[in-house]
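See below for the structure under consideration.
The values are calculated or read from the model by the stated rules, or taken from the named source; none is laboratory data. Just so you know, these numbers come straight off a predicted model, no measurement behind them. We place every Cβ from the backbone using ideal geometry, glycine too, and count neighbours over all the protein chains shown. Calculation scope for accessible area: heavy atoms of the full protein, side chains included, ligands and nucleic acids excluded. Shrake-Rupley method; radii C 1.70, N 1.55, O 1.52, S 1.80 Å.
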Amino acid sequence: MELIKLTSIGFVLGITAIIPGFSVATMAVVFNVYDRLINVIVPNIKKILAVWQFWLPLVIGGIAGIIFFSKVFSLLMVNYSVPAYWFFIGVITGSIPLIYKKTCPETDSNKKFALPSIPSVICFIFAIAVMIFMAIVKPDEGLAVYTELTPYIFGMLALAGALAAIAMIIPGISGAFMLLVIGFYQTVLQSVSDLNIPLIVPVVLGAAAGLLLSAAFVRFLLSKVPRETYGAVLGLVTGSIFVLYPGGFAFQARAGIIISIVCLFTGFILSFLMSRRNIVK
């Protein structure tokens, strides 16, 4: 049963990885696997192999999710982009109570409500301001789609993979959005969809280096200033709503508005229930 759960979570994380503006780390927080993932990403082969029963199902599910959804994502976003984004916003909103709880100090069982520390609030305000700024300056991606590997493209794809991985491991920040910013999102998406291995290899190599670097930094923050770190995470996650906001409701008609609202509440309920249950202990 645990294997099925982890594979399913990995599948969702894989889908999330290719959606600009939607954070893989946020979903990992929602499924309560974020801390364990951070601790697995270390330059220590023995330590990694010791917990293969945790990360291998996630990796298998993630690869399956990326390959599967890369083929349908373009169609979905062309025809149903607005309801999809409202669903994503619902998922993010539903995860906020879980993250908020991590910003608060431990209280006795008689206290049902706790307030975060002042440093956590400051980190929250700064992080949400960063996300609002990103929403304001969100760029349009260039039209170039590279299909052949050259030394220049190899280097750029490796750099793109590293930057995307660094962004991906921070809750609230989207790795796909980072690819969008530097103009390589369509190239990477098309390469995965077509299983263009020569173009995928430099992205994977760069992503591996980026993950090791950023995971070490996040582990340091969580060990030294956990509540302040989650205060920033809460700001990033909350602020990602502004990045994802589609500008209105689907079709601007009654039926479209109803569909979008249903998607919003469906995403919220699913995320809220999953975060309350703490699916993976």
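Structural remarks
- Only one entry of Phe113, Phe87 meets the criterion of being open to solvent by 50 Å² or more (accessible area, probe 1.4 Å), aromatic (Phe, Trp, Tyr) and modelled with pLDDT of 80 or more, and that entry is Phe87.
- Criterion violated by Gly14 - all others in (1) closer than 27 Å to Ile269 by Cβ; (2) modelled with pLDDT under 75 satisfied: (2)
- Qualifying position, being of a type in the set (A, V, I, L, M), at pLDDT 80 or above, farther than 21 Å from Phe88 by Cβ and in contact with a Gly (Cβ under 9 Å, 6 or more places away or on another chain), among Ala164, Ala158: Ala158
- Of all residues making up region 23-40, the number that are over 12 Å from the mean Cα position of the chain (by Cα) and open to solvent by less than 40 Å² (accessible area, probe 1.4 Å): 3
- Comparison of Leu75, Leu3 shows that the only residue that is among the hydrophobic types (A, V, I, L, M, F, W, C), more than 19 Å from Ala216 (Cα to Cα), open to solvent by 40 Å² or more (accessible area, probe 1.4 Å) and modelled with pLDDT of 80 or more is Leu3.
- Selection status of Ile200, under 19 Å from Ile66 (Cβ atoms) and open to solvent by less than 60 Å² (accessible area, probe 1.4 Å): yes
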